[in-house]
Amino acid sequence: MEIAEFLKALDREGRLLAEAAERAGPDATVVTCPGWQVRDLVRHTGMVHRWAAAFVAEGHTSYHPDGGLPELDGAELLAWFREGHRRLVDTLSTAPPDVRCWSFLPAPSPLAFWARRQAHETTVHRVDAESALAGTPTPVATDLAVDGIDELLCGFHARGRSKVRTDKPRVLRVRASDTAAVWAVRLSPQAPSATRDASGDADCEVTGPAARLYLSLWNRLPFPSVSGDASLAALWREQSGVTWN
């Protein structure tokens, strides 16, 4: 996906998140994030949006701490979220392509990293916001879901911080049934190594539409289909969580 496509997704998903949060109300339970109410979700995502925008707008070339969570609530909190989301979209949309700033996953450029990362950050949390409402969440676009699986498997879990590890080498295959996308996640005592690879044997395979796998791998939904050693799918669910701190 191109930067412009990520920015379009970021714009759309942030607006959907705010709409869902407004409909659900600040006290509603976020089903996909145990222990959170809608106000917690909105505060967190709004904080992340401002944190990300600052790297690009202010040109921080090393890690810079976030600004903390606001004490706002209700309509004031939603207005704060919408203003920060708009600022993030505008900052990324108007930044020079060669802007230099800190990022934390491999990408063609810092701008490409932040556009991609915030598109996925906001999409997953939009699904969280819609989980506080009755009904079916807005579908995640297939191309965005495939890219998000790539980011999660080949980016986040390639880092030493990943806890998805096994005592001996194992392979977890992830197959998107509605596309040609297949990933082999090689597990070991080291950080996972993931590649786009349909060849070779796998100890466990999780299969389903890309959008469903995307949310399953982010632990928002159960895996649609598991074959082989189901303990590897369970290991993923138990150990793959990505936390802010």
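Assorted remarks:
- The residues of the range 89-105 that are within 22 Å of Gly155 (Cα to Cα) and touching a helix residue (DSSP H, G or I) at 6+ places or on another chain (Cβ under 7 Å), listed by number, are Leu92, Pro97, Val99, Arg100, Cys101, Trp102, Ser103, Leu105.
- Considering the range 114-149, and only residues there that are in contact with a helix residue (DSSP H, G or I) (Cβ under 8 Å, 6 or more places away or on another chain) and not in a helix (DSSP H, G or I), the residue that is most open to solvent (accessible area, probe 1.4 Å) turns out to be Pro139.
- Under the condition of being more than 30 Å from Pro97 (Cα to Cα) and open to solvent by 10 Å² or more (accessible area, probe 1.4 Å), the residues counted in the range 32-53 number 8.
- Residue in the range 64-84 that is over 15 Å from Ala112 (Cα atoms), without any contact (Cβ under 8 Å) to a residue 24 or more places away in the chain, open to solvent by 80 Å² or more (accessible area, probe 1.4 Å) and hydrophobic (A, V, I, L, M, F, W, C) present: yes
- Condition check for Pro108: open to solvent by 10 Å² or more (accessible area, probe 1.4 Å), in a loop (DSSP other than H, G, I, E, B) and at pLDDT below 95: no
- Subset of the range 1-31 that is open to solvent by 30 Å² or more (accessible area, probe 1.4 Å) and not in a helix (DSSP H, G or I) - its residue that is farthest from Glu130 (Cα to Cα): Glu2
- Test: Thr138 is among the polar types (S, T, N, Q) and touching a residue at least 40 places away in the same chain (Cβ under 8 Å): yes
The values are calculated or read from the model by the stated rules, or taken from the named source; none is laboratory data. Remember, it's a predicted structure, so these values are computed and weren't measured experimentally. Here the Cβ is made from the backbone with ideal geometry for all residues, glycine too, and neighbour counts use every protein chain on show. The protein model used for the area step is the full one, side chains on, heavy atoms only, and it has no ligands, DNA or RNA in it. Shrake-Rupley method; radii C 1.70, N 1.55, O 1.52, S 1.80 Å.
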